[in-house]
Amino acid sequence: MTGERSGTDLLDTLLEPRLERLAALLPDGHALLGTIAATREAVSPLRGRTLPTVFEHGDPAHPNILVLDGGRTTRVGLVDWELGLERGVVGHDLAQLLAFLAFSDAS
(Lines give C-alpha, C1' and ligand atoms only; values in the text may rest on other atoms or scores of the structure.)
Protein backbone atom coordinates (compact mmCIF):
# COMPACT_ATOMS: atom_id res chain seq x y z
CA MET A 1 0.00 0.00 0.00
CA THR A 2 1.20 3.49 -0.74
CA GLY A 3 -1.33 5.49 1.23
CA GLU A 4 -4.91 6.64 1.04
CA ARG A 5 -6.92 8.68 -1.41
CA SER A 6 -10.41 10.10 -1.60
CA GLY A 7 -12.81 7.82 -3.45
CA THR A 8 -14.34 10.90 -5.06
CA ASP A 9 -10.90 11.95 -6.32
CA LEU A 10 -10.17 8.49 -7.71
CA LEU A 11 -13.49 8.31 -9.54
CA ASP A 12 -13.28 11.84 -10.90
CA THR A 13 -9.68 11.61 -12.09
CA LEU A 14 -9.35 7.97 -13.16
CA LEU A 15 -12.78 6.58 -14.04
CA GLU A 16 -15.06 9.43 -15.12
CA PRO A 17 -12.84 10.79 -17.91
CA ARG A 18 -12.62 7.31 -19.47
CA LEU A 19 -16.35 6.73 -19.21
CA GLU A 20 -17.02 10.15 -20.75
CA ARG A 21 -14.65 9.46 -23.68
CA LEU A 22 -16.28 6.10 -24.33
CA ALA A 23 -19.79 7.55 -24.15
CA ALA A 24 -18.84 10.30 -26.61
CA LEU A 25 -17.82 7.67 -29.17
CA LEU A 26 -21.12 5.79 -29.01
CA PRO A 27 -24.30 6.56 -30.92
CA ASP A 28 -27.53 7.29 -29.04
CA GLY A 29 -29.17 4.12 -27.77
CA HIS A 30 -26.02 1.97 -27.88
CA ALA A 31 -26.08 -0.90 -25.35
CA LEU A 32 -22.79 0.18 -23.78
CA LEU A 33 -24.42 3.44 -22.63
CA GLY A 34 -26.45 1.32 -20.20
CA THR A 35 -23.26 -0.37 -19.02
CA ILE A 36 -21.66 3.03 -18.46
CA ALA A 37 -24.66 4.15 -16.39
CA ALA A 38 -24.58 0.88 -14.40
CA THR A 39 -20.86 1.34 -13.77
CA ARG A 40 -21.42 4.85 -12.43
CA GLU A 41 -24.17 3.57 -10.15
CA ALA A 42 -22.07 0.61 -8.94
CA VAL A 43 -19.12 2.80 -7.92
CA SER A 44 -21.17 5.65 -6.44
CA PRO A 45 -20.83 4.27 -2.85
CA LEU A 46 -17.08 4.96 -3.13
CA ARG A 47 -17.69 8.71 -3.30
CA GLY A 48 -16.89 10.39 -0.02
CA ARG A 49 -14.90 7.42 1.31
CA THR A 50 -11.19 7.11 1.90
CA LEU A 51 -9.66 4.25 -0.07
CA PRO A 52 -6.24 2.59 0.13
CA THR A 53 -3.91 3.15 -2.78
CA VAL A 54 -1.30 0.86 -4.29
CA PHE A 55 1.46 1.11 -6.84
CA GLU A 56 -0.40 0.26 -10.05
CA HIS A 57 1.19 -1.03 -13.27
CA GLY A 58 -1.57 0.23 -15.54
CA ASP A 59 -1.16 -2.26 -18.41
CA PRO A 60 -0.74 -5.83 -17.14
CA ALA A 61 -1.09 -7.65 -20.46
CA HIS A 62 1.07 -9.30 -23.11
CA PRO A 63 3.90 -8.46 -23.78
CA ASN A 64 4.35 -6.68 -20.45
CA ILE A 65 4.23 -9.89 -18.41
CA LEU A 66 7.40 -11.97 -18.23
CA VAL A 67 7.38 -15.51 -16.89
CA LEU A 68 10.78 -16.84 -15.91
CA ASP A 69 10.85 -20.59 -15.42
CA GLY A 70 13.76 -21.57 -13.22
CA GLY A 71 12.96 -25.27 -12.99
CA ARG A 72 11.63 -25.64 -9.46
CA THR A 73 10.60 -21.99 -9.20
CA THR A 74 8.71 -19.73 -11.54
CA ARG A 75 8.92 -15.97 -11.27
CA VAL A 76 6.60 -13.45 -12.85
CA GLY A 77 7.63 -9.91 -13.61
CA LEU A 78 6.12 -6.83 -15.21
CA VAL A 79 7.89 -4.49 -17.62
CA ASP A 80 6.88 -1.29 -19.42
CA TRP A 81 5.73 0.88 -16.53
CA GLU A 82 4.88 4.04 -18.51
CA LEU A 83 1.23 3.86 -17.36
CA GLY A 84 2.18 3.17 -13.73
CA LEU A 85 0.64 5.19 -10.92
CA GLU A 86 2.16 5.59 -7.49
CA ARG A 87 -1.30 6.09 -5.99
CA GLY A 88 -3.42 3.74 -8.08
CA VAL A 89 -6.62 1.87 -7.39
CA VAL A 90 -6.69 -1.46 -5.56
CA GLY A 91 -7.82 -4.15 -8.01
CA HIS A 92 -7.43 -2.08 -11.20
CA ASP A 93 -4.52 -4.12 -12.53
CA LEU A 94 -6.38 -7.35 -11.74
CA ALA A 95 -9.50 -6.14 -13.58
CA GLN A 96 -7.41 -5.17 -16.62
CA LEU A 97 -5.59 -8.50 -16.59
CA LEU A 98 -8.87 -10.44 -16.39
CA ALA A 99 -10.31 -8.39 -19.28
CA PHE A 100 -7.17 -9.07 -21.34
CA LEU A 101 -7.42 -12.80 -20.62
CA ALA A 102 -11.14 -12.88 -21.47
CA PHE A 103 -10.57 -11.10 -24.80
CA SER A 104 -7.62 -13.38 -25.56
CA ASP A 105 -9.67 -16.46 -24.81
CA ALA A 106 -12.57 -15.23 -26.96
CA SER A 107 -10.41 -14.77 -30.03
**Item:** Mean ellipticity per residue at 222 nm, deg cm²/dmol - from DSSP H runs of n ≥ 4 across the chain, formula -39500 (n - 2.57)
**Value:** -11500 deg cm²/dmol
**Message:** Which order do you get for His30, His57, His62 if you rank them by accessible area with a 1.4 Å probe, largest at the top?
**Reply:** His62, His30, His57
**Prompt:** Taking H as built 1.01 Å from N, whose amide H comes closer than 5 Å to the amide H of Thr53, not counting residues under 5 places away?
**Reply:** Thr2, Gly3, Glu4, Arg5
**Request:** Please report how far the C-alpha centroid of the stretch 63-96 lies from that of the stretch 34-62, rounded to the nearest whole angstrom.
**Result:** 19 Å
**Asked** DSSP beta bridges in the chain, what fraction antiparallel, as a percent rounded to 5?
**Response** 100 percent
**Request:** Under a 10 Å cutoff between Cα atoms, tell me which one of Arg18, Arg87, Arg75 has the largest fluctuation in the Gaussian network model of the chain.
**Result:** Arg75
**Complete:** On the accessible surface of the stretch 1-55, probed at 1.4 Å with all protein chains in place, carbon and sulfur together account for a percent value of 59 percent
**Asked** Using 1/(1 + (r/R0)^6) with R0 = 22 angstrom and r between the beta carbons of Leu46 and Leu98, what's the FRET efficiency to the nearest 0.05?
**Response** 0.65
**Asked** Could you give me the ³J(HN,Hα) list for the stretch 45-59, computed from phi with Karplus coefficients 6.51, -1.76, 1.60 and θ = phi - 60°, whole Hz, x at Gly and Pro?
**Response** x, 6, 5, x, 9, 9, 10, x, 10, 9, 6, 10, 6, x, 7
**Karplus-derived 3J(HN,Hα), 6.51/-1.76/1.60, for each residue of the stretch 18-26, Hz, glycine and proline x** = 5, 5, 5, 4, 5, 4, 5, 7, 9
**Message:** Between Leu83 and His30, what is 0.36 nm times their sequence separation minus the Cα-Cα distance? Round to one decimal in nm.
**Reply:** 16.2 nm
**Message:** Let me spell out the model: positive unit charges on the Cβ of Lys and Arg, negative unit charges on the Cβ of Asp and Glu, origin at the Cα centre of the chain. What dipole size does that give, in debye rounded to 20?
**Reply:** 260 debye
**Prompt:** Say we join alpha carbon atoms closer than 10 Å with springs in a Gaussian network model of the chain; which of Leu68, Leu19, Leu33 then has the biggest fluctuation?
**Reply:** Leu68
**Item:** Accessible surface, per residue, of the chain when the full set of protein chains is kept, probe 1.4 Å, Å²
**Value:** 71 Å²
**Request:** Rank Val76, Ala31, Leu66 by how far each Cα sits towards the positive end of the charge dipole of the chain (+1 on Lys, Arg Cβ; -1 on Asp, Glu Cβ) and give me just the farthest.
**Result:** Val76
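The values are calculated or read from the model by the stated rules, or taken from the named source; none is laboratory data. Computed from a predicted structure; not experimentally measured. Note that each Cβ is placed from the backbone with ideal geometry, even for glycine, and that neighbours are counted across all protein chains shown. All accessible areas refer to the heavy atoms of the entire protein, side chains included, with ligands and DNA or RNA removed. Shrake-Rupley method; radii C 1.70, N 1.55, O 1.52, S 1.80 Å.
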